[in-house]
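Worksheet for the structure shown next.
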């Protein structure tokens with residue numbers, strides 16, 4: 001709870017973000033440590049897996065920015081979700097806006113994403129320039145955007161209005177213009193830099209996708225009590 005970012009209520013308006021470039025890798029992680037990475041309300045996936053997600057937004061209300069995240073695969077009730085450990089963002093205004101509007105666990109960083117003819121490469125560094133994630137997708141092949149389904153994310157946040165710590169469910173909408181799949185390859189990963197101690201290890205590759213799409217980060221519809229089962233602790237705050 002001490003690491004929760006402060007969110008300024010639950011009434012934020014959507015952001016429509018055109019032309020986003022996304023690289024998304026799934027890896028199996030250690031089954032023995034996943035419980036320690038999740039709040040009580042989130043049920044771990046079996047086998048345990050994590051999402052390594054980097055996006056470049058060329059246009060937004062606060063200017064261009066890129067974001068690199070690690071999400072732990074889990075469920076809130078019966079629905080698959082990704083619990084976000086940390087979000088590195090390379091635009092200072094976006095760092096604050098994403099946290100205050102949707103509870104993203106943002107920290108300043110340097111995020112690199114490039115699409116080459118034979119691979120897609122992403123790197124995330126902390127504010128001092130130390131690499132914390134280096135990954136790529138190789139053996140690219142085109143697919144239909146309807147073949148991709150990115151899960152909603154859950155953010156641990158403290159509400160400014162009442163001081164309560166909650167899990168904020170963020171449900172982006174995606175319109176795909178181009179999509180590819182390939183073979184995932186994580187070159188390096190600094191577990192501690194993702195607020196995971198030494199518990200985060202990318203063990204077995206599952207999948208990789210890359211796409212160009214329009215993303216809408218919508219209104220907040222649901223929050224959860226992180227200490228209760230999702231069936232009892234979920235509150236709807238918007239239609």
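Worth a mention:
- For region 199-210, the condition holds for no residue, the condition being that it is outside any loop (DSSP other than H, G, I, E, B), free of Cβ contacts under 8 Å to residues at least 40 places away in the same chain, surrounded by fewer than 18 Cβ atoms within 10 Å (Cβ to Cβ) and over 17 Å from the mean Cα position of the chain (by Cα).
- Conditions (1) assigned to a loop (DSSP other than H, G, I, E, B); (2) farther than 30 Å from residue 182 by Cβ: number failed by residue 30: (2)
- Taken across region 71-85, residues that are out of contact with any helix residue (DSSP H, G or I) (no Cβ under 9 Å at 6 or more places or on another chain) and assigned to a loop (DSSP other than H, G, I, E, B) do not occur at all.
- Checking the stated criteria, residue 63 turns out to be modelled with pLDDT of 95 or more and in a loop (DSSP other than H, G, I, E, B).
- Residue within region 175-198 that is within 15 Å of the chain's Cα centre (by Cα) and surrounded by fewer than 21 Cβ atoms within 10 Å (Cβ to Cβ) present: yes
- Failed item in (1) surrounded by 15 or more Cβ atoms within 10 Å (Cβ to Cβ); (2) modelled with pLDDT of 95 or more, with residue 237 passing the rest: (2)
- No other residue among 88, 150 is crowded, with 16+ Cβ neighbours inside 10 Å, part of a loop (DSSP other than H, G, I, E, B) and under 16 Å from the mean Cα position of the chain (by Cα) apart from 150.
- Filter result (within 16 Å of residue 151 (Cβ to Cβ) and assigned to a loop (DSSP other than H, G, I, E, B)) within region 211-239: 218, 221
- For region 222-232, a residue qualifies if it is farther than 12 Å from residue 165 by Cα, buried (at least 17 other Cβ atoms within 10 Å of the Cβ) and touching a residue at least 60 places away in the same chain (Cβ under 8 Å), and exactly one does: 230.
- Region 180-196, residues that are touching a residue at least 24 places away in the same chain (Cβ under 8 Å) and assigned to a loop (DSSP other than H, G, I, E, B): 190, 195, 196
- Residue check, residue 24 part of a loop (DSSP other than H, G, I, E, B) and either free of Cβ contacts under 8 Å to residues at least 24 places away in the same chain or surrounded by 18 or more Cβ atoms within 10 Å (Cβ to Cβ) (or both): no
- Taking the listed residues 13, 97, 6, the one that is over 19 Å from residue 207 (Cα atoms), outside any loop (DSSP other than H, G, I, E, B), out of contact with any strand residue (DSSP E or B) (no Cβ under 7 Å at 6 or more places or on another chain) and in contact (Cβ under 8 Å) with a residue 12 or more places away in the chain is 97, with no other qualifying.
- Criterion violated by residue 64 - all others in (1) over 26 Å from residue 160 (Cβ atoms); (2) in contact (Cβ under 8 Å) with a residue 40 or more places away in the chain; (3) touching a strand residue (DSSP E or B) at 6+ places or on another chain (Cβ under 7 Å) satisfied: (2)
The values are calculated or read from the model by the stated rules, or taken from the named source; none is laboratory data. Not measured: the values here are computed from a predicted model. As a convention, Cβ positions derive from the backbone with ideal geometry for all residues, glycine included, and neighbour counts pool all protein chains shown.
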